[in-house]
Amino acid sequence: MHDKDNELELELELHELSIIYQWEAIRCDRLGNKLRWFVSLGIPFFGYSFLLLLIQDMDAVPVLFFIGLIMTFVIRYLFLSDNQYCYFLTQKGIHFTIEQVIPEIAYKVMRGFAWFGVAISFFAVTIIGPMAFIGAGACALLSFKMTGFKSVPRSSFVYFVDEYTV
């Protein structure tokens, strides 16, 4: 009934057919919105409060508060981000894409850090010589890889086979 050639042909037809109806939804499967904000606020400030108890220095409070505020937004918008689902209904089935809803500024910041890492690697090579790549080679390779950091949607599909009609 199903073979690989038939499945590839169905997939090709699925994407070429005209779209009958399309819709999109933005949601997160892991946690509710209020719970995600609570976790995002709780993790950094609990950790930094514990650290403040250990070092017992009140001069560190503004710095730790600022770092905790930044980490709150990092956790909420990068680790606990929403997903955008785009569904497309055709005669042969449904194909859909899933993409994380992460602000573009986060990608720009990461690309900026990557270019900074590339510059530091070249600077280290000019000062130390080729031996710098022994210790910093992985960082240099990772920096080159992350200069093209962007959001990539994942795609999937569901076929209507034999008994289902639209």
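The values are calculated or read from the model by the stated rules, or taken from the named source; none is laboratory data. What you are looking at is a predicted structure, and each value in this text was computed from that prediction instead of being measured. Positions of Cβ are generated from backbone atoms using ideal geometry, with glycine treated the same way; all protein chains shown enter the neighbour counts.
Numerical summary
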{"read-out": "Contacts under 6 angstrom Cβ, first residue in the range 104-127 being hydroxyl-bearing (Ser, Thr, Tyr), partner in a helix (DSSP H, G or I), 6 or more apart", "value": "Ser121/Ala136; Ser121/Ala140"}
{"read-out": "Some residue of the range 35-47 being loosely packed, with under 10 Cβ neighbours inside 10 Å and of a type outside the set (Ser, Thr, Tyr)", "value": "no"}
{"read-out": "Qualifying residues in the range 124-166 (those that are within 30 Å of Lys92 (Cα to Cα) and among the aromatic types (Phe, Trp, Tyr)) - the one modelled with the lowest pLDDT", "value": "Tyr164"}
{"read-out": "The range 83-132, residues that are of a type in the set (Ser, Thr, Tyr), under 14 Å from Ser151 (Cβ atoms) and assigned to a helix (DSSP H, G or I)", "value": "Tyr107"}
{"read-out": "In the range 91-103, residue nearest to Tyr21 (Cα to Cα) [restricted to those that are within 13 Å of the chain's Cα centre (by Cα) and in contact (Cβ under 8 Å) with a residue 40 or more places away in the chain]", "value": "Ile98"}
